[in-house]
1. Does at least one position in the range 174-189 carry a residue that is touching a residue at least 60 places away in the same chain (Cβ under 8 Å), at negative phi and part of a loop (DSSP other than H, G, I, E, B)?
2. Inside the range 55-91, can you point out the residues that are surrounded by fewer than 12 Cβ atoms within 10 Å (Cβ to Cβ), under 24 Å from S12 (Cβ atoms) and modelled with pLDDT of 95 or more?
3. Does any residue of the range 106-115 turn out to be in contact with a strand residue (DSSP E or B) (Cβ under 6 Å, 6 or more places away or on another chain) and either within 14 Å of the ligand (Cβ to nearest atom) or among the basic types (K, R) (or both)?
4. All but one of (1) surrounded by fewer than 23 Cβ atoms within 10 Å (Cβ to Cβ); (2) within 13 Å of the ligand (Cβ to nearest atom) hold for T156, so report the exception by its number.
5. Out of the range 181-190, which residues are within 9 Å of the ligand (Cβ to nearest atom) and either over 16 Å from the mean Cα position of the chain (by Cα) or not basic (K, R) (or both)?
6. Residues of the range 190-217 being part of a helix (DSSP H, G or I) and within 18 Å of T18 (Cα to Cα), which ones?
7. For the range 82-106, which positions are hydroxyl-bearing (S, T, Y) and in a helix (DSSP H, G or I)?
Amino acid sequence: MKKIIIAIDGYSSTGKSTVAKQLARALGYVYVDTGAMYRAVTLFAMRNNFIGKDFFQKEKLVESLKDIQLHFHFNAERGFAEMYLNGENVENEIRTMEVSNFVSQVAAVPEVRKKQVQQQHELGKEKGIVMDGRDIGTVVFPNAELKLFMTASAETRAQRRFEELQQKGEKVTYDEVLENVKSRDQIDTSRKDSPLIQATDAIVIDNSKMSLDEQFSKILQLAQQAIKNA
Ligand code: DC
């Protein structure tokens, strides 16, 4: 059967990665979380003091991009590929609120994007891939056979993210999470390079009022149809 590229874009905390993982598993495809790549670069910038509460030394980060090696390694127990930064598993560390607070600034740097997009092209060249992010259907794979654009209200997304962070034991308030969701939306949609916009040929999935099962069966159907049509 012909393999295709499935691009899943949308706002933060719309459950893109959950559905992308489910879909990849069902189809026997590779799942690539491009947000994890931007998060790992952000963690590198934080550790090297290139970014902090009131500063961002962009030039230093750009100069150091050559020292950043990212790769995904499949963890059979967790059922998905985890993110490695220069050989170190950073899958958990990149999900903290601190990284979330800085990632949109780092992802807005054109040199950072250029390097990540090159690696994303490489990862998708054999097709058979589900890739999620913000610019997958518009910039990375504009010819993807299936493009989905996920959305939900900021309050619904903040509530989901808040519960997730609480389960992990992070001390944050709902208001802080809502603030972070709104501020990331703002930066992601207004940046000059590859802003978050819906591709004209993307199918919109608003999951504010959809259960995970409902969402998955709808998306699986769309994927099977797209594979048939390819
Ligand atoms: O999907 P996520 O929340 O893990 O993404 C983290 C940030 O990375 C998000 O605020 C925007 C950025 N990002 C991006 O600019 N382009 C992508 N393809 C994926 C993520």
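The values are calculated or read from the model by the stated rules, or taken from the named source; none is laboratory data. Only a predicted model underlies this, so the values are computations on that prediction, with no experimental measurement involved. Quick reminder, even Gly has a Cβ in these numbers, built from the backbone with ideal geometry, and neighbours come from all protein chains shown.
1. no
2. Hit for the range 55-91 is F55, nothing else.
3. Checked against the condition, which is being in contact with a strand residue (DSSP E or B) (Cβ under 6 Å, 6 or more places away or on another chain) and either within 14 Å of the ligand (Cβ to nearest atom) or among the basic types (K, R) (or both), the range 106-115 yields no hits at all.
4. (2)
5. If the condition is that a residue be within 9 Å of the ligand (Cβ to nearest atom) and either over 16 Å from the mean Cα position of the chain (by Cα) or not basic (K, R) (or both), then D185, I187, D188 are the ones that fit.
6. L212, D213, E214, Q215, F216, S217
7. Within the range 82-106, S100, S104 meet the criteria.
For (1) of a type outside the set (S, T, Y); (2) over 27 Å from F149 (Cα atoms); (3) within 13 Å of the ligand (Cβ to nearest atom), each residue gets a yes or a no:
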position	(1), (2), (3)
T34	no, no, yes
M37	yes, no, yes
I51	yes, yes, no
A81	yes, no, no
L85	yes, yes, no
